[in-house]
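See below for the structure under consideration.
The values are calculated or read from the model by the stated rules, or taken from the named source; none is laboratory data. Because the structure is predicted, anything quoted here is derived from the model rather than measured. Cβ: placed from backbone, ideal geometry, glycine included. Neighbour counts: every protein chain shown.
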Amino acid sequence: MADLKKVLMVFTGGSISTRLSKKALELGVAPYAVLDAAGKFGKDFTIIEPVDVCSENFTPPMYKVLFDALKKELDKGEYGCVLIAHGANTMAYTAQLAELLLSGYEIPVVLFGSKIAPTEEDTDAVINLKAAYTLAMEVDKGVYVVGKAADGKIYVHYAAYMMSPNRKTDDFASYKNRVAGKISGKKFIRNEDVELPSECPNSMKNLRALSKLMTLPKEDTILTIDAPVCLNYDNFSIARSDYKYVLQRLHYDGTVNTLSEDNPFSILYLKKACARYDKQVFVAPIDSALVPSPSTKAILDAKIKPLYDMPLEAAWAYLMLSTWLGKLIKK
């Protein structure tokens with residue numbers, strides 16, 4: 001159980017920081033309304049708001065501002081936990097970065113959000129805030145995400161397995177359904193059937209390296225490509241100088257088009273084009289336990305780099321942080 005001597009409450013924008021105004025959502029004073037509605041917690045809260053943006057509008061420099069602010073506060077050693085209020089749209093990506101950068105601290109870090117603006121009558125914002133606080137009292141360390149689902153239960157997800165919300169329900173998902181557990185009353189009921197994710201090596205080193213950068217390098221992003229059928233790679237500007245890693249999403253069985261390297265619809269064509277500009281191509285998600293199909297084997301034979309056994313969001317975070325730090329980090 002965490003020693004909650006002091007709570008660092010971090011607001012970043014997103015749905016949980018919006019209010020309804022003239023039939024549209026806008027950012028405003030809603031974060032503090034959430035705390036007021038939740039009542040007293042019996043602990044001292046330090047509140048910071050390093051960024052205030054709808055989560056779909058996050059940019060690389062905003063992420064640096066966020067994690068620099070977190071490092072500055074956490075290095076004081078005054079906190080027993082961190083609660084991060086974040087927009088649901090891209091929370092999975094931020095949670096994966098947090099796993100790579102914050103998991104070295106000996107305190108729990110819990111992200112939460114809301115599907116409905118906190119000023120609305122049926123909001124889940126207060127419920128999720130209280131659930132995040134409850135989880136922080138129940139665990140010693142680690143990075144997590146909590147949220148109330150459509151079935152009325154409050155689920156806990158390990159950040160390392162975190163995926164984007166289900167489009168039908170807006171519920172968060174865990175890779176291969178590796179849900180950490182759920183909050184029941186004021187208790188965290190751990191799912192004993194799910195193995196804890198391995199600790200991220202060098203997370204503190206990664207965070208220090210990121211904080212030392214005055215600005216992000218010119219190559220500050222990655223090219224992430226979805227996996228629809230009939231995707232023509234000639235539509236992408238491979239020569240651009242702001243990225244050096246390309247992440248191709250694979251279909252559920254670890255496949256994508258692998259026709260000849262002269263066919264613009266083939267990932268082998270993409271690999272050949274990227275080689276001209278010294279760019280590397282990675283693929284995810286891909287299950288190391290599956291017997292490779294002919295298409296998967298073609299990917300591997302072409303020396304395209306598989307990021308095994310992780311959701312696309314984790315692969316994105318790994319390559320994004322590696323881009324910022326100028327080398328592929330340990331994962």
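With respect to the conditions (1) modelled with pLDDT under 95; (2) farther than 20 Å from V7 by Cα, A92 falls short on a single one, namely (1). For the range 117-135, does any single residue satisfy the condition of being more than 16 Å from the chain's Cα centre (by Cα), without any contact (Cβ under 8 Å) to a residue 12 or more places away in the chain and surrounded by fewer than 20 Cβ atoms within 10 Å (Cβ to Cβ)? There is at least one residue in the range 117-135 that is more than 16 Å from the chain's Cα centre (by Cα), without any contact (Cβ under 8 Å) to a residue 12 or more places away in the chain and surrounded by fewer than 20 Cβ atoms within 10 Å (Cβ to Cβ). I'd like to check something: does the range 172-181 contain any residue that is assigned to a loop (DSSP other than H, G, I, E, B) and in the same structural domain as S55 (by TED's automatic domain parsing)? Yes; the residues of the range 172-181 include at least one that is assigned to a loop (DSSP other than H, G, I, E, B) and in the same structural domain as S55 (by TED's automatic domain parsing).
In the set (1) in a loop (DSSP other than H, G, I, E, B); (2) charged (D, E, K, R); (3) over 30 Å from K130 (Cβ atoms), R208 fails one condition alone, (1).
Candidates L100, L111: the one that is crowded, with 24+ Cβ neighbours inside 10 Å and more than 16 Å from A173 (Cα to Cα) is L100. Taking the criterion of being over 15 Å from the mean Cα position of the chain (by Cα) and at pLDDT below 95, the residues of the range 154-196 that qualify are R167, K168, T169, D170, G185, K186, E195, L196. Restricting the first member to the range 319-331 and to residues that are basic (K, R), and the second to residues that are crowded, with 21+ Cβ neighbours inside 10 Å, the beta-carbon pairs closer than 6 Å and six or more apart or on different chains are K331/Y318. When A117 is tested against the conditions (1) touching a strand residue (DSSP E or B) at 6+ places or on another chain (Cβ under 7 Å); (2) among the small types (G, A, S); (3) at pLDDT 95 or above, the lone failure is (3). Considering only residues of the range 136-164 that are basic (K, R) and surrounded by fewer than 18 Cβ atoms within 10 Å (Cβ to Cβ), which is farthest from R178 (Cα to Cα)? Among those that are basic (K, R) and surrounded by fewer than 18 Cβ atoms within 10 Å (Cβ to Cβ), it is K141. Does A298 satisfy the condition of being assigned to a helix (DSSP H, G or I), crowded, with 16+ Cβ neighbours inside 10 Å and of a type in the set (G, A, S)? Spelling it out, A298 is indeed assigned to a helix (DSSP H, G or I), crowded, with 16+ Cβ neighbours inside 10 Å and of a type in the set (G, A, S).
Contact map, the range 221-239: first residue hydroxyl-bearing (S, T, Y), second residue in a loop (DSSP other than H, G, I, E, B) and surrounded by 10 or more Cβ atoms within 10 Å (Cβ to Cβ), Cβ cut-off under 6 Å, separation 6 or more or different chains; pairs are T221/D242; T221/Y243; Y233/P264. Name the one entry in I238, I225 that is assigned by TED's automatic domain parsing to the domain that holds Y318, farther than 22 Å from I329 by Cα and either hydroxyl-bearing (S, T, Y) or surrounded by 15 or more Cβ atoms within 10 Å (Cβ to Cβ) (or both). From the options I238, I225, the qualifying one is I238. Across the range 301-323, the qualifying residues are those that are part of a loop (DSSP other than H, G, I, E, B) and not acidic (D, E), and the one among them that is farthest from the chain's Cα centre (by Cα) is A302.
Report, by residue number, each residue of the range 275-292 that is free of Cβ contacts under 8 Å to residues at least 60 places away in the same chain and within 25 Å of M163 (Cα to Cα).
Q280, V281, F282, V283, A284, I286, D287, S288, A289, L290, V291, P292
Can K148 be described as under 18 Å from M91 (Cα atoms), without any contact (Cβ under 8 Å) to a residue 24 or more places away in the chain, basic (K, R) and in the same structural domain as I183 (by TED's automatic domain parsing)? In short, no. Applying the selection to the range 282-295, what residues are more than 14 Å from I267 (Cβ to Cβ) and buried (at least 20 other Cβ atoms within 10 Å of the Cβ)? P285 - this is the single residue of the range 282-295 that is more than 14 Å from I267 (Cβ to Cβ) and buried (at least 20 other Cβ atoms within 10 Å of the Cβ). May I ask you to verify whether L100 is in contact (Cβ under 8 Å) with a residue 60 or more places away in the chain, over 20 Å from D220 (Cα atoms) and assigned by TED's automatic domain parsing to the domain that holds K186? It is false that L100 is in contact (Cβ under 8 Å) with a residue 60 or more places away in the chain, over 20 Å from D220 (Cα atoms) and assigned by TED's automatic domain parsing to the domain that holds K186.
K330 falls short on exactly one of the conditions (1) at pLDDT below 95; (2) part of a helix (DSSP H, G or I), and that condition is (2).
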